[in-house]
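Peer 1: I'd like to ask you about the structure that follows.
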Amino acid sequence: MGLHNATLFVVSDTIESRLFANSRLLGRVFSSSAVPFHTDRSDKGDLLMGTLSSWMDLLLLAFSDAIVLSRSGFSEAASHIGMFSQDRVLTPAECIHKGLVIVPSL
C-alpha cells in the first residue's frame, strides 16, 4: 500500500495525539487546526467550529486512499462513506506489522 511513503491525515479528539503522530513522521502528517472536542460537549469549545471541523475531517477521511480504523466509530463511518475495499482498511496493529509505527502501544 506504500505506507513508507504515505502522507497521513490524522484525525483525533486530542491535540496530543496529533502532535505525537507528527513527531514520529515529520512533514508527512496533516491534521485540522481546529481545537478538537466531542460536539456533544458544547461547553468544551466552539460548537459550530467543532461541528464543521468534524464533518470536514470525516469527508477528508472518506476521500483518502486508505484508512486506519481506531476503536472509534468515526473512522469506521468514514470507511463506509468512502466505500473502501477491504485491502484499503487497516487497523493500528496491521500498521505496526507493516512497519508504520505511529501509535503508542496500549
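Readers should treat all values here as calculations from the given coordinates under stated rules, not as data from a laboratory. Here the structure is a predicted model, which means the values were calculated and not measured. Cβ sites come from the backbone with ideal geometry, for glycine too, and all protein chains shown count toward neighbours.
Peer 1: Measuring from label point to label point, each 7 Å out along Cα→Cβ, what is the Asn5 to Phe63 span in nm?
Peer 2: 2.3
Peer 1: Moving to a separate point now. Check Leu90: other-chain or 5+ apart residues with amide H under 5 Å from its amide H, H built from backbone geometry?
Peer 2: Ile67, Val68, Leu69
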